[in-house]
1. Taking the Kirkwood radius as the inverse of the mean 1/r across Cα pairs, report the Rg/Rh of segment 206-250.
2. Counting other beta carbons within 10 Å of each residue's own, what order do VAL84, VAL208 fall into, fewest first?
3. Evaluate the charge dipole of segment 6-91 about its Cα centre and quote only its size in Debye, nearest 20, assuming +1 on the Cβ of each Lys and Arg and -1 on the Cβ of each Asp and Glu.
4. For the peptides 127-137, 107-117, what is the packing order when you average, over each peptide's residues, the other Cβ atoms within 10 Å and list the highest mean first?
5. Build a GNM of the chain with springs between Cα atoms under 10 Å: which of LEU16, LEU75, LEU33 gets the top mean-square fluctuation?
6. Counting only residues 5 or more places away or on other chains, whose amide H sits under 5 Å from the amide H of ALA234 once H atoms are built in the peptide plane?
7. Semi-axes of the equivalent ellipsoid of segment 105-257: what are they in whole Å, largest first, if each equals the square root of 5 times a C-alpha gyration tensor eigenvalue?
8. Which of PHE6, TYR89, GLY22 sits closest to the plus end of the dipole of segment 6-91, meaning its Cα is farthest towards the positive end, when Lys and Arg get +1 and Asp and Glu get -1 on the C-beta?
Amino acid sequence: MKFKSFKQILFFIIGLILFLDGLILIALKKLHLGTILPFFIGLFFCVYAIFYKKIHLFLNQRATLNKFWKMGWTLFSLWAISLVGFFIYLSQSHQNISPDFKPQAIIVLGSGISQGIPTPTLAMRLDQAADVAKHNPNAWMILSGGLDFGEKITEASAMKHYLIEKYQLDPNKLLEESKSTSTELNLKNSQMILEQQGLNQHATLAIVTSDFHTLRAAAIARKQGYDHFQMISAPTPLSTRYNAWLREYFAYISGWVLKEY
């Protein structure tokens, strides 16, 4: 394999990184757009780098096809620029609770469990929520997440067990919302639990989720009538951070198209 130009080398290196990133995470059963897309983009870049000269020789002999090829790269470049802009926004959107904000309840949005144990992403949300609870011991905490495919206990139950075992939080203050399977349902179903405690969506609330998820979760919450809440962002594990951000990029667009907010 011989590369004779800097462009070929660059495409191959980027492609190999994206391909291996997607391959490893797919092998770990993290199957979503944030892993599948890098896998196929990386594969395409590698093939393009290896057969660079042959591809361009073929295109140079077909003017119309070459025009569409260049148009495709232009569109891809514009998409990549928008993606980088979204990533920059997420990297600067960390939100922590202000000292004078005293929530009556803390809603923790689910993010998946594996064999009854919170995933690293969910664990970081719970760690952040425990810190908020430490400074607001009288606040209720709603743990929101239903039964994941292949699991024997609900996400909410696993979240409660994690907080009791690691932080010794009062189990009577931990309320389980165990029916939801999406952010929209997390927030909708939590309203019923708030009402059981004499509260509603107008109460003073802290909503805890991952850094990449705060933008969309806040938009959904506002549409559902929550009007006195503060988003609290937890960091995303580095091993899955940019894949999660990529997935959220498309989730945010689809949420807008489907009028979730």
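1. Working: Rg = 11.4 Å, Rh = 11.1 Å.
Rg/Rh: 1.03.
2. Working: VAL84 10, VAL208 32.
If I rank by nearby Cβ atoms, fewest first, I get VAL84, VAL208.
3. On the way: 8 positive and 1 negative charges, 63 e Å.
Roughly 300 debye, rounded to the nearest 20.
4. Numbers: 127-137: 17.9, 107-117: 21.1.
So the peptides 127-137, 107-117, ranked by packing, come out 107-117, 127-137.
5. Most flexible of the set in this elastic network: LEU75.
6. THR209, SER210, ASP211
7. Working: eigenvalues 88, 74, 43 Å².
Semi-axis lengths for segment 105-257 are 21, 19, 15 Å.
8. Of the options given, the answer is PHE6.
Read the figures in this text as sums done on the coordinates, not as results from a lab. Not measured: the values here are computed from a predicted model. Counting neighbours? That spans all protein chains shown, and the Cβs are built from the backbone with ideal geometry, glycine included.
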